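Here's the structure we're looking at; comments come further down.
Only the coordinates and a few stated rules stand behind these numbers; no lab work does. Note that the structure is a prediction, hence the values are computed from the model and not measured. In this analysis, Cβ positions are derived from the backbone assuming ideal geometry, glycine residues included, and neighbour counts consider all displayed protein chains.
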Amino acid sequence: MIAWTIYVTFAGAIVLLVLPRVFARWLALVTAVAGFAIGVATFCQHDVDLAHFRTVVRVPWVPALGMNYHLALDGISLTLVLVTGIAAISAVLFSWDVTDRANEFFFWLLLVVGGSYGVFLSADLFLLFLFYELVIVPKYFLIAIFGSTNKEYGAMKLTLYSFFGGALVFLGIIAIYVTGGSLDLNQLAQFQFTPQLQSWAFPILFLGFAVLAGIWPLHTWAPTGHVAAPTAGSMLLAGIVMKLGAYAGLRVAMNLFPQGFQMWRTTIAVLAVVGIVYAAAVALRQRDLKFVIGYSSVSHMGFVLLGFATANVFGVSGAVLQMFSHGVIGALLFAVAGRMIYRRTRTRELDALSGMNLSRALPFAAFTFVVASAASMGIPGFSGFAAEITILIGAWKSYPLAVWITGAGMVLVAAFTLRALKRSFFDVDLANTAAAPPEMEPITIPEKLGAGLLMFATLAVGLYPKLLLDRIQPAVEAMRFLK
Amino acid sequence: MSYLELLKLAAPEAIVVVTALAVLTVGLTSTRAKALCPIVAAIGTAVAIGAVLMLPSHANLFGGMLVISPLNSLFKIICLVLALVTVPLASSEKSLRNPGEYIAVLLLGAVGLMLLVGSEEFLMIFIGLELLGLSLYVMAAFDKSDVRSAEAGLKYFLFGSTASAFTLFGISFVYGMAGTTALAAIGQKLAAGPVQPLLAVGIVMTLIGFAFKIAAAPFHLWAPDAYQGAPIPSAAFIASGSKVASFVVLGKIVLVGFAPARGSADWHAMLAGWSPVLAVLAALSILLGNFVALAQANVRRLLAYSAVAHGGYTLLGIIAGGRDGFSATLFYTSIYAVTLVGAFAVVGVVRRESGGDDLQNFAGLASRSPLLAASMSIFLLSLAGLPPLAGFFGKFYLFSAAFRAGGNHGLLWLVALALFGSFVSLYYYLIVLKVIFVDQRSSSTPQPGQSNAGAARTSDFNVSTSLDLFSRITVTVLAAAVLFLGLMPQTLAARILASLP
């Protein structure tokens with residue numbers, strides 16, 4: 001049944017193209033909700049074995065070259081399918097005001113979503129790569145046509161970075177295919193690649209994927225891309241697209257090349273820690289609210305990579321949980337900055353925002369942003385805390401030093417988040433307190449619904465992380481590099 | 001061997017020749033030649049395709065002069081299909097004053113393609129090359145009202161005839177060494193082992209002619225001018241049919257005829273032979289084609305340089321050799337040809353509507369004609385190698401074949417280079433798409449001194465839209481084919497693989 005997430009989304013995208021414009025956003029919403037509902041329904045089924053990457057569909061596709069249309073599911077995939085659904089629904093809700101070329105907009109948006117479902121569910125390497133590359137071009141158009149600041153530059157940079165990563169991945173996949181003689185991920189997971197091959201193919205493959213996960217120093221596409229993108233685009237980028245890279249790195253690079261991973265994991269840990277601290281420090285100096293959030297995304301994704309590098313159950317499970325958590329929180333932050341604030345004030349400059357008394361003009365936005373910031377800082381009770389503490393426990397076993405440095409980095413995260421929060425909403429001009437808050441269009445119902453969904457998700461997982469961890473952990477334990 | 005039997009086996013070629021003559025007659029006599037000629041040509045081509053399907057599966061006449069095999073028949077069909085889709089482009093091109101003559105020459109070119117594909121003997125191959133070449137020279141220079149067309153024809157002719165001379169020279173050396181002109185016999189006569197200097201000269205000279213045909217650097221210099229200046233259907237045919245047939249023949253010559261003189265292109269174990277020569281050509285083409293394409297402001301020139309790069313990728317399969325590599329090359333060149341005809345058809349429509357084929361003429365195409373814009377993005381993204389389009393699978397097939405070949409992944413350097421090249425290429429394809437989807441058309445009228453002023457006849461606008469119907473249908477069909485071959489590559493790949501011995 002889970003396979004229908006892909007079909008429903010692509011079918012919705014195609015139908016969108018021929019439908020009159022008035023239906024576009026409704027159809028997009030229905031499609032996104034349907035995809036999420038399928039994910040939730042699978043989540044609620046108790047008879048599904050989520051500990052192993054179990055085949056859902058397997059149809060021969062190009063028998064001459066051993067390619068199959070092969071989908072499978074385990075706890076990790078399911079978690080990411082859920083976050084994709086949540087991000088998709090909220091992205092559509094926060095794009096409710098898109099009227100110019102609306103069909104096209106939602107078409108590209110649904111292609112990104114559908115391709116992401118495909119990546120998370122593929123059990124055939126070629127199929128996975130197909131979906132992975134399929135996401136690149138829609139992102140370009142979403143940003144270049146519908147974006148804001150410096151959109152063509154941001155879109156091209158993001159696309160070229162993605163495609164550069166894609167070229168590295170292509171090479172790695174060909175190496176796997178030719179030496180392993182198969183494209184089936186489950187079969188390949190049994191295959192013993194020579195250490196010599198692993199030593200060079202692993203870094204190529206992992207780096208290729210990690211470009212999309214925003215690994216330092218190849219992260220620079222992320223802030224510019226996020227800033228240039230329309231609100232829904234940033235939400236999808238932070239919520240889903242960065243996860244594609246991390247997920248594929250785990251599922252393909254680490255799982256197929258365990259020895260290569262052992263050889264290189266210290267390097268990954270170093271890059272991850274540098275990324276966490278560096279991005280947080282850079283975020284502290286940004287003037288544009290979206291840049292702050294963009295760099296915070298890079299910092300949070302650094303936690304995912306650090307979790308991978310620990311190579312133990314805690315660290316990796318925490319990393320998967322962090323992917324979910326950041327998907328939700330990142331989407332929420334961008335929704336506030338891009339839709340709630342920018343659409344009304346036409347500026348994201350912190351200096352300009354600080355004089356606007358926004359907390360009184362837009363109380364709901366202020367409330368949402370406080371929740372999102374708290375979640376982002378890792379306050380207990382939100383998903384960010386649950387994920388990051390799990391990662392750090394895992395890291396303590398492998399790299400104690402990294403935990404110390406990351407701990408310092410988390411202070412920086414708190415610093416830049418609080419700074420952004422204060423400057424944007426709570427910088428009350430004391431001389432001007434009596435003045436009435438500026439007139440602004442009130443927060444609309446779709447915005448409230450979208451924000452509510454995201455806040456609910458981060459709270460639910462924060463208060464009861466076992467909900468996801470119970471499904472993630474067995475799947476992680478089944479991975480080869482832990483044995 | 002009776003003449004009747006010969007005629008039976010050469011029926012497809014004969015049918016196309018007869019059709020060409022019929023078209024010529026119709027063009028001269030009928031008052032409605034413009035409408036009739038394409039129809040006659042289309043029917044004749046379709047009948048010829050039927051005749052190819054009726055051929056026996058194996059036959060060999062005159063020591064390889066006419067060989068009928070599943071592979072040859074498959075590619076005769078592909079070449080005929082490419083000629084068939086070029087016909088509607090020719091019918092909507094206004095600048096071609098005598099459609100009968102033009103289409104007749106096109107069909108004669110198609111006969112050249114069929115002879116090339118259907119022969120495994122050097123003399124026949126050379127005759128095929130010349131027949132094809134002469135038709136293409138005429139087609140390139142056909143637009144008498146445009147000086148660029150004349151330039152394209154002359155450049156193509158000068159480079160082409162020089163390249164032919166090299167090839168003939170090379171063939172004579174090879175004949176001197178082997179004492180025969182049949183490919184299979186040459187392959188047996190040539191001694192395995194180190195390549196003798198005389199044979200090396202022969203091989204290199206022979207390859208030069210083909211490097212010219214496939215526009216591999218450094219023999220690509222004609223391509224940008226020919227692609228830009230020639231009438232659109234001619235450029236499309238030069239870029240598609242001629243290329244497919246050349247790759248088929250090149251593959252047969254080196255893999256069958258020069259099999260003992262293969263050498264090795266592996267990184268640490270280069271060995272004299274044809275494969276290092278082709279590897280150098282491929283590497284140069286990939287680098288030069290992609291980097292020079294970055295700087296182009298004219299879409300046709302851009303397509304020409306990208307064609308140079310694609311020629312480089314396609315060579316990878318032949319260098320890899322074997323059944324796997326050759327079938328990857330054949331698959332890639334076929335889908336490339338389909339894609340490029342489509343792209344040229346779009347360029348043709350845009351050129352008639354907006355009076356030029358520079359990048360700025362494509363601005364706002366998405367709002368003017370969503371269908372053309374969508375088709376163009378399918379073609380360009382397929383060229384860039386993005387899923388779910390045919391080019392993506394083609395590249396995967398090609399690069400994995402190259403990676404597999406050679407000892408200890410010796411061709412890794414070429415694969416990495418090709419991947420780097422296709423990374424670079426995405427930029428210029430995206431720039432075209434950006435212009436189509438993001439930019440808005442500027443309201444200013446085209447400048448009188450603009451490069452393609454010859455086609456800027458806005459008063460003909462209404463006339464052209466009805467003629468463009470054929471072009472638009474062709475574009476849509478080709479875009480659907482590219483998408484279909486991307487989703488179901490099995491349909492073509494398995495057929496090619498099965499036809500190879």
Can you tell me the order of B:368-375, B:36-43, B:304-311, A:326-333 when each peptide is scored by its average per-residue count of other Cβ atoms within 10 angstrom, highest first?
A:326-333, B:304-311, B:36-43, B:368-375
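Express the relative contact order of region A:204-319 as a whole percentage, based on alpha carbon pairs under 8 Å and six or more residues apart in sequence.
31 percent
How many partner chain Cβ atoms sit within 10 Å of a residue's Cβ in peptide A:133-143, on average, as a whole number?
4
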Size of charge dipole - the protein assembly as shown - debye, nearest 20, with Cβ of Lys, Arg +1 and Asp, Glu -1, no other charges:
560 debye
Summing +1 for each Lys or Arg and -1 for each Asp or Glu, what net charge is found among the other residues whose Cβ lies under 15 Å from the Cβ of B:A337?
+3
Over the Cα atoms of region A:4-482, Rg to Rh with Kirkwood Rh, two decimal places?
0.96
Which whole-Hz couplings ³J(HN,Hα) result when phi for each residue of region A:388-399 is put into the Karplus expression 6.51 cos²θ - 1.76 cosθ + 1.60, θ = phi - 60°, listed in order with x for Gly and Pro?
5, 5, 5, 4, 5, 4, x, 5, 4, 6, 9, 10
Taking 0.36 nm per residue of separation and subtracting the Cα-Cα distance, what length does fully extending A:D470 through A:M263 add?
71.6 nm
Between helix A:195-212 and chain A, what is the angle of the helix's C-alpha long axis to the longest principal axis, kept within 0 to 90° and rounded to the nearest 10?
20 degrees
Average projected area of the Cα convex hull of region A:118-201, in nm²?
6.2 nm²
Taking the number of other C-beta atoms within 10 Å as the exposure measure, put A:W221, A:W200 in order starting with the fewest.
A:W200, A:W221
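For a footprinting-style exposure proxy, rank B:E93, A:E152 by other Cβ within 10 Å, fewest first.
Least crowded to most crowded, the residues run A:E152, B:E93.
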Placing unit charges on C-beta atoms (Lys and Arg positive, Asp and Glu negative, everything else neutral), compute the dipole magnitude of region A:4-482 about its Cα centre in debye, rounded to 20.
440 debye
Peptide B:418-426 - average C-beta neighbours from other chains (10 Å radius)
5
Taking the Cα centre of region A:4-482 as the origin and placing charges on Cβ (Lys, Arg +1; Asp, Glu -1), which of A:G249, A:L197, A:T444 is farthest toward the positive end of the dipole?
A:T444
Per-residue ³J(HN,Hα) for region B:49-55, Karplus 6.51 cos²θ - 1.76 cosθ + 1.60, θ = phi - 60°, Hz, x for Gly and Pro
4, x, 5, 4, 5, 7, 5
What does the helix-only formula give at 222 nm for the protein assembly as shown: each DSSP H stretch with n ≥ 4 adding -39500 (n - 2.57), the total divided by the residues, and the result rounded to the nearest 500 deg cm²/dmol?
-23500 deg cm²/dmol
Distance (nanometres) between label positions extended 7 Å along Cα→Cβ at A:F364 and B:V201:
8.6 nm
Taking H as built 1.01 Å from N, whose amide H comes closer than 5 Å to the amide H of B:R441, not counting residues under 5 places away?
B:G364
Arranged by the count of other C-beta atoms within 10 angstrom, fewest first, what order do A:H70, B:H58 take?
B:H58, A:H70
With Cα coordinates, the longest principal axis of chain A makes an angle with the long axis of helix A:400-421, in degrees rounded to 10, of 30 degrees
Report the paramagnetic label zone for A:E439: residues of region A:350-377 whose backbone N is under 14 Å from a point 7 Å from Cα along the Cα-to-Cβ axis.
none
Report the relative contact order of chain B, percent, no decimals, based on alpha-carbon pairs under 8 angstrom and at least 6 residues apart.
14 percent
Treating only the Cβ atoms of Lys and Arg (+1) and Asp and Glu (-1) as charged, compute the dipole magnitude of region A:341-406 about its Cα centre; round to the nearest 20 debye.
260 debye
Along the charge dipole of region A:4-482, Cβ charges K/R +1 and D/E -1, which of A:G225, A:V211, A:L482 sits furthest on the positive end?
A:G225
For region B:337-415, report the convex hull volume of the alpha-carbon atoms normalised per residue, in Å³, without decimals.
101 Å³
Rank by packing, highest mean first: peptides B:380-386, B:247-253, with packing defined as the count of other Cβ atoms within 10 Å averaged across residues.
B:380-386, B:247-253
Quick one: net charge of B:A261's neighbours, Cβ under 15 Å, K/R +1, D/E -1?
+3
For region A:20-27, just list the computed ³J(HN,Hα) in residue order, Karplus coefficients 6.51, -1.76 and 1.60, θ = phi - 60°, integers in Hz, with x standing in for Gly and Pro.
x, 5, 4, 8, 3, 5, 5, 4
Under the Debye formula (equal points on every Cα, no solvent term), log10 I(q)/I(0) of region B:73-123 at q = 0.31 Å⁻¹
-1.15
Between B:I127 and A:A11, what is the FRET efficiency for a Förster distance of 45 Å, r being their Cβ-Cβ separation, to the nearest 0.05?
0.25
Obtain the nm distance between the two label points defined at A:K448 and A:Q187 by a simple spin-label model: each point lies 7 Å from its Cα along the Cα-to-C-beta direction.
5.5 nm
Just want the answer: with Cβ charges of +1 for Lys and Arg and -1 for Asp and Glu, which residue in A:V313, A:M410, A:T345 is farthest toward the dipole's positive end in region A:311-435?
A:T345
Which cross-chain or sequence-distant (5 or more) residues have an amide H under 5 Å from the amide H of B:N60, H modelled 1.01 Å from N in plane?
B:I68
Euclidean distance of C-alpha centroids, region A:206-245 and region B:139-183, integer Å
51 Å
